[in-house]
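The values are calculated or read from the model by the stated rules, or taken from the named source; none is laboratory data. Note that the structure is predicted; figures quoted are calculated from it, not measured. Neighbour counts run over all protein chains shown; Cβ positions are idealised from the backbone, glycine included. When the accessible area is computed, the model is the full protein with side chains, heavy atoms only, and any ligands, DNA or RNA have been set aside. Shrake-Rupley method; radii C 1.70, N 1.55, O 1.52, S 1.80 Å.
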Amino acid sequence: MNNENGISKNKNFFLLVQGMFVSVFGAQCYFIAESLVVKHHTESGVMVGITLALSAIPYLIFGTLGGAFADRYNRKNIIVWCDVISALAVLSLAFALFLDIDFLVVPSVILAGITLNIVMCFFNPASRAMMPMLVDKSQLLKANSLFRTLKNISEVLGQSCAGFLYTLLGPAMLFFINGITYLSSAASESRIKVASPEHAADEVQGKQGLGAQIKEGFSIAAKVPGLLAVIIALGLMDLFLAPLMTFLPFFVENSLGLSTYWFGIMFAALSVGAVLGSSLSGLIKIPERIAPVLIPAFLVGTGLSRLFMGLSGSPWLVFVCILMETATAVIFSIRAEVIIQSNVESKYHGRVFGLLGMVMGVFTPIGMALGGVLVDLAQDRLADYITGSGIALTLIAVSFMLSRNYRQFFKVKKDESVQNDEAIA
């Protein structure tokens, strides 16, 4: 663990960040270009929707399996191979587009999208579980905050440049460059030096099959007081936040009567809020005695922001509400991840984060789909729907806070892990 000189001089941590930054930029370019390619080849909104929906299925099937892999095998090797496989998938798609065989294009895009999301089911839990192996426990909050901030910046840059690069280079060359970015990321991550975790030689762990480990992951989430509630809370948060991407253009243009220019400003609030939240998460000092109440309160703030968004008729107040909704949600999620990394034993990190990724990966497309249905059914009363969803999320967040186990989970254990052997027995 390289933490003697702090985060700023932790070479291994920044190699992980460097690899993440490059691959996230490429991934954002890919997912925007993916929709454009399918749209241009089919001119079908249904096909675009099917493509995006199929890409989300891997989270349901492989979410917990990826977590079990992260606890069973070398985490650094997992993230390196994930980027190599992603590179091969995208480069194959680029080759298919270079061939310009029309009937191969859409199937190739769908196959590449599914492959990338399968890979993410293994990459995400491995990278999250590796964080405590690279930095000291006392630096986890700062490390996660910096990691998420740079990830959000990379996403914004990728989203901003994707359309321009698609027009300038064409989809085939864009996907080719995207594949090279994945290889660059793998090269950066391969240089990380990390000690083997303490559980690597655990004979019981080695004798367990993957099925038994996956089952144990669910058992861990259920037995650690408050952990399952936190995972469900994060999933429900995504369920309520995801429709914003669907209904925002209708809300801005139809409900508020604003121009497309304002839609761009409102959309920017999502990115600004994400960067603001990840930055503030590492700067806000929360006294230990009030952390079990204040950290869950950020999710309440997310619900209240959505509520006031629906009630407000002012464009700039809506902008502030979107910004605050995103920022408070990011702060809550980062703090929750840090508590999981701190309080749960390292040998279970992969499975816990795999389960979290599965829940969030499933709830997000469901939320986007429900948002589309509600827009069609209640477009004239969209502001009322937004207000109602804010009330619902606020009540859900408050109801979770009434649970003592849920609150106490947000208290970092200094001397012992929440996940002790007696609790698992």
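So, of the residues in segment 349-368 that are crowded, with 18+ Cβ neighbours inside 10 Å and of a type in the set (A, V, I, L, M), which turns out to be farthest from Leu307 (Cα to Cα)?
Taking segment 349-368 first, the residues crowded, with 18+ Cβ neighbours inside 10 Å are 349-365, 367-368.
After this cut, where a residue has to be of a type in the set (A, V, I, L, M) as well, the list is 352, 355-356, 358-360, 362, 368.
Numbers: Val352: 31, Leu355: 29, Leu356: 26, Met358: 27, Val359: 24, Met360: 22, Val362: 24, Met368: 18 Å.
Among those residues, the one meeting the criterion is Val352.
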Condition check for Ile57: over 18 Å from the mean Cα position of the chain (by Cα) and either at pLDDT below 80 or within 17 Å of Asn178 (Cβ to Cβ) (or both): no
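Tally time: how many residues in segment 371-387 are of a type in the set (Gly, Ala, Ser) and within 13 Å of Ser312 (Cα to Cα)?
To start, the set of residues in segment 371-387 that are of a type in the set (Gly, Ala, Ser) comprises 371-372, 378, 383.
Now restrict to residues that are within 13 Å of Ser312 (Cα to Cα): 383.
Counting residues in segment 371-387 that are of a type in the set (Gly, Ala, Ser) and within 13 Å of Ser312 (Cα to Cα) gives 1.
Which is assigned to a helix (DSSP H, G or I), of a type in the set (A, V, I, L, M), under 30 Å from Leu65 (Cβ atoms) and touching a Gly at 6+ places or on another chain (Cβ under 8 Å), of Met324, Met360, Met368, Met309? Steps first, answer last, please.
Details: Met324 fails: under 30 Å from Leu65 (Cβ atoms); Met368 fails: touching a Gly at 6+ places or on another chain (Cβ under 8 Å); Met309 fails: under 30 Å from Leu65 (Cβ atoms).
Result of the check over Met324, Met360, Met368, Met309: Met360.
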Hey, Phe319 without any contact (Cβ under 8 Å) to a residue 60 or more places away in the chain, under 23 Å from the mean Cα position of the chain (by Cα) and crowded, with 20+ Cβ neighbours inside 10 Å or not: no
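Taking the criterion of being within 24 Å of Leu395 (Cα to Cα), assigned to a helix (DSSP H, G or I) and free of Cβ contacts under 8 Å to residues at least 40 places away in the same chain, would at least one residue in segment 271-281 satisfy it?
No, every residue in segment 271-281 fails to be within 24 Å of Leu395 (Cα to Cα), assigned to a helix (DSSP H, G or I) and free of Cβ contacts under 8 Å to residues at least 40 places away in the same chain.
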Unmet requirement for Pro315, which otherwise passes all of (1) in contact with a Pro (Cβ under 7 Å, 6 or more places away or on another chain); (2) closer than 22 Å to Ala378 by Cβ: (1)
Tabulated pairs, segment 126-144, first without any contact (Cβ under 8 Å) to a residue 12 or more places away in the chain, second open to solvent by 10 Å² or more (accessible area, probe 1.4 Å) and not acidic (Asp, Glu), C-beta under 9 angstrom, 6+ apart or interchain: Ser138/Asn3
Test: Ile177 is open to solvent by 10 Å² or more (accessible area, probe 1.4 Å) and modelled with pLDDT of 70 or more: yes
Test for Ser259: is it crowded, with 17+ Cβ neighbours inside 10 Å and of a type in the set (Gly, Ala, Ser): no
Qualifying positions in segment 126-166 - of a type in the set (A, V, I, L, M, F, W, C) and farther than 16 Å from Glu337 by Cα: Leu150, Ile153, Val156, Leu157, Cys161, Ala162, Phe164, Leu165
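Yes or no, residue by residue, for (1) under 14 Å from Glu34 (Cβ atoms); (2) part of a helix (DSSP H, G or I); (3) of a type outside the set (Lys, Arg); (4) open to solvent by less than 60 Å² (accessible area, probe 1.4 Å):
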residue: Cys82; (1), (2), (3), (4): no, yes, yes, yes
residue: Leu88; (1), (2), (3), (4): no, yes, yes, no
residue: Ala94; (1), (2), (3), (4): yes, yes, yes, yes
residue: Phe103; (1), (2), (3), (4): no, yes, yes, no
residue: Val109; (1), (2), (3), (4): yes, yes, yes, yes
residue: Phe122; (1), (2), (3), (4): no, yes, yes, yes
residue: Ala126; (1), (2), (3), (4): no, yes, yes, yes
residue: Ala129; (1), (2), (3), (4): no, yes, yes, yes
Among residues of segment 289-313, those that are of a type in the set (Val, Ile, Thr) and surrounded by 17 or more Cβ atoms within 10 Å (Cβ to Cβ), counted: 3
Matching residues in segment 131-142 - criterion: being outside any helix (DSSP H, G or I) and over 14 Å from Leu16 (Cα atoms): Asp136
Subset of segment 264-288 (residues that are closer than 17 Å to Met309 by Cα and open to solvent by 60 Å² or more (accessible area, probe 1.4 Å)): Phe267, Val272
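Residue-wise test of (1) of a type outside the set (Lys, Arg); (2) open to solvent by less than 20 Å² (accessible area, probe 1.4 Å); (3) under 17 Å from the mean Cα position of the chain (by Cα).
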position	(1), (2), (3)
Leu323	yes, no, no
Ala329	yes, yes, yes
Ser333	yes, yes, yes
Ile340	yes, yes, yes
Lys347	no, no, no
Leu370	yes, no, no
Leu374	yes, no, no
Leu377	yes, no, no
Arg381	no, no, no
